[in-house]
Amino acid sequence: MAGRIFLSSPDVGTLEESYLLDALRSGWVAPVGPDLDAFEREVAARAGVAAAVGVSSGTAALHLALLALGVGPGQVVVVPTLTFAASANAVVYTGAEPVFVDCDPETGNLDVPLLLDTLDRLGGQGRRVGAVMAVDLFGGCVDYTALLPACAAAGVPVVEDAAEALGAIHHERPAGSFGRVAAFSFNGNKIMTTSGGGMIVSDDVGLIGRCRHLATQAREPVPHYEHVEIGYNYRLSNLLAALGRAQLSRLDAMIARRRRLRERYAKLFAPVPGVRLLNEADTGSNCWLTTVVVDPEGAGWSATDLSRWLASVDIETRPVWKPMHLQPVFARATRFVTGAAQHLFAHGLNLPSGSALTDAEVDRVEGAVVRFLENR
Ligand SMILES: Cc1ncc(COP(=O)(O)O)c(C=O)c1O
């Protein structure tokens, strides 16, 4: 057997090497520089917004986005329960409290009618809602056509957690353009990477300026070191931005490769009763991760059975995010749940989806799934 196949490993090569070496040789090592400026402009353009600031992670991006909106103690932020912990952790960093809302069973994204009901109920309880965090799960945008007017009517700003969704589209608009402010992640497993990094984007240039200030230790623009508030050391480095620029120039090709992979999975599972791909109808998804959802009664096997079989032939899979309201750390958090996220956690499985997978590796995954299905 030819080594382990991972879920979503970094897709880097000679282009990334040359961008990084050029940045190193240019002397712009410590820490900002022209590649960072250019990377910010390029990501803003890709997201169709006016401004961006590069930061050290997607989590830092969410933290500062919330702070810049004035979110803090005494407020709540509505967060989908089906997400990675960073979405909720960033809320806690500000001193606000996350309130969890369930997902739509078809897409895994925020259940918008339930969200509206939640906003009503929170209002009725006199709780101050600082923001709604909309997470574009696994690279598929939330139904912003429904969500944005509703949040606008409620007077609540939307923070778009687009950590997983760079390059995705909803009704011809790019991910990152929907929130009052949005966050991307360039973690090693994402659609593109800077090894670690993130970006805050918005049409509100003042808000991005505020994030930039907070990300650079809130240092005042005077010759000596002057600080009138607490800041953070959250900036992305020029070297990592150079890596990001190389990756961004290949983003469309990487998305296309992930999409082809999803199409192969769709074809493979289409004839299998009780099995579907999560959010398969979303043609604007960047296809970051492809998720299979298995009804064990209909299929005669479970997502765990498939996962165990693939692990036995050295192929990595991963359960869908464990919902935040089921995490011990958030045991006491307020939640509005229907069971949809819990169902996806129990029956969903993320399959190898990386653009760095070679054709031979994709054939190996497909062959392993075929053998699994034949032996059922
Ligand atoms: C939905 C979501 N939000 C936030 C993050 C945090 O990004 P980072 O790992 O760059 O801090 C991630 C990924 O890690 C994520 O998947």
Can you confirm whether segment 55-64 contains a residue that is closer than 15 Å to residue 241 by Cβ and either open to solvent by 60 Å² or more (accessible area, probe 1.4 Å) or without any contact (Cβ under 8 Å) to a residue 12 or more places away in the chain (or both)?
-> no
For segment 173-208, which residues satisfy the criterion of being away from the ligand (no atom under 16 Å from the Cβ) and either aliphatic (A, V, I, L, M) or free of Cβ contacts under 8 Å to residues at least 12 places away in the same chain (or both)?
-> 205, 206, 207, 208
Kindly establish whether residue 77 is within 17 Å of the chain's Cα centre (by Cα), open to solvent by less than 10 Å² (accessible area, probe 1.4 Å) and either within 26 Å of residue 190 (Cβ to Cβ) or of a type in the set (Lys, Arg) (or both).
-> no
Kindly list the number of the only condition in (1) under 17 Å from the mean Cα position of the chain (by Cα); (2) of a type in the set (Gly, Ala, Ser); (3) open to solvent by 10 Å² or more (accessible area, probe 1.4 Å) that fails for residue 51.
-> (1)
Among the residues of segment 124-154, which ones are within 16 Å of the ligand (Cβ to nearest atom), out of contact with any strand residue (DSSP E or B) (no Cβ under 7 Å at 6 or more places or on another chain) and assigned to a helix (DSSP H, G or I)?
-> 137, 139
Meets criteria (among the acidic types (Asp, Glu), within 22 Å of residue 252 (Cβ to Cβ) and within 16 Å of the ligand (Cβ to nearest atom)) for residue 160 = yes
Scan segment 111-123 and give yes if some residue there is more than 12 Å from the ligand (Cβ to nearest atom) and touching a His at 6+ places or on another chain (Cβ under 7 Å), otherwise no.
-> no
Evaluate segment 184-192: report whether one residue or more is outside any strand (DSSP E or B), open to solvent by 10 Å² or more (accessible area, probe 1.4 Å), closer than 30 Å to residue 150 by Cβ and modelled with pLDDT of 95 or more.
-> yes
Within segment 204-214, is even one residue open to solvent by 20 Å² or more (accessible area, probe 1.4 Å) and either among the hydroxyl-bearing types (Ser, Thr, Tyr) or not in a helix (DSSP H, G or I) (or both)?
-> yes
Tabulated pairs, segment 153-171, first closer than 16 Å to residue 191 by Cβ and open to solvent by 20 Å² or more (accessible area, probe 1.4 Å), second outside any strand (DSSP E or B) and acidic (Asp, Glu), C-beta under 6 angstrom, 6+ apart or interchain | none
Please list, ordered by first then second residue, the pairs with beta carbon atoms under 6 Å, 6 or more apart or interchain, first in segment 78-91 and of a type in the set (A, V, I, L, M, F, W, C), second part of a loop (DSSP other than H, G, I, E, B) and open to solvent by 10 Å² or more (accessible area, probe 1.4 Å).
-> 82/321; 84/321
Report yes if some residue within segment 242-255 is in contact (Cβ under 8 Å) with a residue 40 or more places away in the chain, more than 27 Å from residue 13 (Cα to Cα), open to solvent by less than 10 Å² (accessible area, probe 1.4 Å) and of a type outside the set (S, T, N, Q); otherwise report no.
-> no
Criterion violated by residue 199 - all others in (1) on the phi > 0 side of the Ramachandran plot; (2) in a strand (DSSP E or B) satisfied | (1)
Consider residue 265 carefully, then state whether it is of a type in the set (Phe, Trp, Tyr) and under 30 Å from residue 94 (Cβ atoms).
-> no
Residues that are in contact with a helix residue (DSSP H, G or I) (Cβ under 6 Å, 6 or more places away or on another chain), of a type in the set (Val, Ile, Thr) and closer than 28 Å to residue 2 by Cβ, drawn from segment 293-314 | 294, 313
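The values are calculated or read from the model by the stated rules, or taken from the named source; none is laboratory data. The model shown is predicted, which means the values in this text are computed figures rather than measured ones. Because the Cβ atoms are built from the backbone with ideal geometry, glycine has one as well, and the counts that use them run over all protein chains shown. Keep in mind that these areas ignore ligands, DNA and RNA; they rest on the heavy atoms of the full protein, side chains included. Shrake-Rupley method; radii C 1.70, N 1.55, O 1.52, S 1.80 Å.
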